[in-house]
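*Asks:* My questions all concern the structure below.
The values are calculated or read from the model by the stated rules, or taken from the named source; none is laboratory data. Nothing here was measured: the structure is a model prediction, and the numbers come from that model. Virtual Cβ from ideal backbone geometry, glycine too; neighbours counted across all protein chains shown. Please note that ligands, DNA and RNA were not included when accessible areas were found on the heavy atoms of the full protein model with its side chains. Shrake-Rupley method; radii C 1.70, N 1.55, O 1.52, S 1.80 Å.
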Protein chains: 2
Amino acid sequence: MEKIYRAAFTHGINVVSANKQPLALPAAERTALLHEARKHFRAYHYETTVGAALPVIETLKNLVRTGDHVITIEGCFSGTLGFLCDRLVHGEPLSAAVRQAKDLGYTEPHPRDDLSGLDVARKAIILARELGLQVELKDVVLEPFVPAENLREDDPEKFLQSLAKLDAAVAARVAASKAQGKLPRYLARITPGAAGPKVTVGPVEVEASHPAAALRGAEAFVAFHTERYREYPMVVRGAGAGGEVTAAGVLADILRLAQNIRGRR
Amino acid sequence: MEKIYRAAFTHGINVVSANKQPLALPAAERTALLHEARKHFRAYHYETTVGAALPVIETLKNLVRTGDHVITIEGCFSGTLGFLCDRLVHGEPLSAAVRQAKDLGYTEPHPRDDLSGLDVARKAIILARELGLQVELKDVVLEPFVPAENLREDDPEKFLQSLAKLDAAVAARVAASKAQGKLPRYLARITPGAAGPKVTVGPVEVEASHPAAALRGAEAFVAFHTERYREYPMVVRGAGAGGEVTAAGVLADILRLAQNIRGRR
């Protein structure tokens, strides 16, 4: 994919894309891609790679380029895993919740690709790199939504059936956290840190006061804790996946491009 | 102020401003101003007029220009009034809370200018007009933070003292809403509506599940209820006032401009 983008830049074509892969490539390849765009004065807009049409990338770029100092970025970036957390809290067994998510078209063809957390890790890397952090996908401390040994089944239907053996343990864990007033969420956390950057992705239990606690259904959110937004983070929240909002976000990127070009004379 | 902006456009100068007044002028004058910018291919960025550096205007523009249909916009746009609501909920008397806000530099020189709600009404008009609604400042159904008859005192110090006579009634009302699990907020609501646009600004009591209920301190928020964000609104939340974040937002507008100009060749 990145080869096509590079060729586009070379031919004077701007690129708007919702594809996460080119931005989560090894650093040298990503840098070469962005360099090609700059060399040809072309734009590369990818606002929809994190949170669909929610204003995430541009907001972060603005924080960075106006000199704010990011302390931590936290977020629930997967509408699919958000939906699963919501169903679990409502008492649904894990296996039934995943099947329902698949039936509703919320998951990848093989739900394993959501439960692995890899998609969330890619989004975390995209944000981390906007901060100028030198991080690779392999640096992400990634804990899948369910233990990795349950993700080996290649057949989607058998995979769905195999999840039933986790139902009791997952239900017990959710009940235990609910008893403490906490809620299960699948959270990404990016911390530049004085001792080196840290990117973690995995299941957590959040307090009722945490911004992620208020999420319903397949909502996504991102919270920017910065020097300027120190007391309370800047939070963006809403539907963060789905064809309609993603298409709208891509269109917004295209129109922004068109507006800039139109203004030139 | 708008005369200076018009002259700037005429002389080929782009304008970035946090000033609400030119955008809340009578429609004909505002239109003439925007027309002048377009005529000379100049940009006019005013992201910081609502919510300081929070991504509000640009987010709304993106919704509108990608064809989303806005059902309602709701928001707490005044950090000052948010701070007062927060203090009242914590049991502080109104007059003491206003004095504290003034001492912290949160209010205008005369706190009446915050309590009147006029500043919030201006922000609501700016957003309503982004939706293409034909509304004037005088069309806003505006209820001040305290009854209007208490806003006549011209001397700030006497005004602060005069608020003490409202303390008991305000405290009783806040206690009554708390007893019902509700919280006092100062809310703006913009509804295009099939029967004509409606813009209301005033004190309300919100349920614990309302996005405004979670606000702390001087936080601002805006929720966009649209056709695409129908189930749950798109919400932006965070510090919405203060010199630092406003300056950062103005700088972000300037850099966006510079970036577009730099890319031209």
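*Asks:* Hey, what did chain A get for relative contact order, percent, Cα under 8 Å, at least 6 apart?
*Replies:* 27 percent
*Asks:* Using a Gaussian network model on chain A with a 10 Å cutoff between Cα atoms, which of A:Tyr232, A:Tyr44, A:Tyr106 fluctuates the most?
*Replies:* Its mean-square fluctuation being the largest, the pick is A:Tyr232.
*Asks:* Let a ≥ b ≥ c be the square roots of the eigenvalues of the Cα gyration tensor of region B:54-189; is it rounded (a/c under 1.5), or, if not, prolate (a/b larger than b/c) or oblate?
*Replies:* Judged from the Cα gyration tensor, region B:54-189 comes out prolate (a/c at least 1.5, a/b above b/c).
*Asks:* Another question about this same structure. On the full set of protein chains, 1.4 Å probe, figure out the accessible area of B:Leu34 and give it in Å² to the nearest 10.
*Replies:* 30 Å²
*Asks:* A follow-up question, please. Among B:Val146, B:Ala258, B:Leu166, which residue has its Cα furthest toward the positive end of the charge dipole of the protein assembly as shown, with +1 on Lys/Arg Cβ and -1 on Asp/Glu Cβ?
*Replies:* In the protein assembly as shown, that residue is B:Ala258.
*Asks:* Follow-up. So how much accessible area does B:Thr191 have, in Å² to the nearest 10, using a 1.4 Å probe?
*Replies:* Near enough 40 Å² of accessible area.
*Asks:* Follow-up. Which residues does the label zone of B:Thr31 cover in region B:105-130, counting backbone N under 20 Å from a point 7 Å along Cα→Cβ?
*Replies:* B:125-130
*Asks:* Report, in whole Å, the centroid distance computed from the Cα atoms of region B:219-265 and region A:1-61.
*Replies:* 21 Å
*Asks:* Go through A:Thr49, A:His11, A:Leu25 and say which Cα lies farthest out towards the positive end of the charge dipole of region A:3-69; charges sit on Cβ, +1 for Lys and Arg, -1 for Asp and Glu.
*Replies:* Farthest towards the positive end: A:His11.
*Asks:* Okay, moving on. Straight-line reach from B:Lys158: which lysines have a Cα under 26 Å away, not including same-chain ones fewer than 8 places off?
*Replies:* B:Lys102
*Asks:* Continuing with this model, one more query. Set the Förster radius R0 to 22 Å, insert the Cβ-Cβ distance between A:Val64 and A:Asn19 as r into 1/(1 + (r/R0)^6), and round the FRET efficiency to 0.05.
*Replies:* 0.50
*Asks:* With labels modelled as points extended 7 Å from the Cα through the Cβ direction, what inter-label distance (nm, one decimal) is found for A:Glu2 paired with A:Gln161?
*Replies:* Going by the 7 Å Cα→Cβ label model, 4.1 nm.
*Asks:* Then there is this: Under a 5 Å amide H to amide H cut-off, with H placed in plane at 1.01 Å, what residues pair with B:Ala220 once short-range neighbours are removed?
*Replies:* Under 5 Å from the amide H of B:Ala220: B:Gly238, B:Ala239, B:Gly240.
*Asks:* So which of B:Lys39/B:Lys61; A:Lys61/B:Lys198; A:Lys20/B:Lys61 end up more than 28 Å apart, counting from Cα to Cα?
*Replies:* A:Lys61/B:Lys198
*Asks:* Now for a different question. Quick one: if you stick a label point 7 Å off each Cα along the C-beta vector at B:Glu143 and A:Lys138, how many nm between them?
*Replies:* 6.3 nm
*Asks:* Here is a follow-up. Check each of the trypsin sites (Lys or Arg not before Pro) in region A:89-190 and keep only those in coil by DSSP with at most 10 other C-beta atoms within 10 angstrom; list them in order.
*Replies:* The qualifying sites are A:Arg152.
*Asks:* Then there is this: Determine the principal axes of the Cα atoms in the protein assembly as shown, then give the extent along each, sorted from largest to smallest and rounded to whole angstroms.
*Replies:* 75, 62, 52
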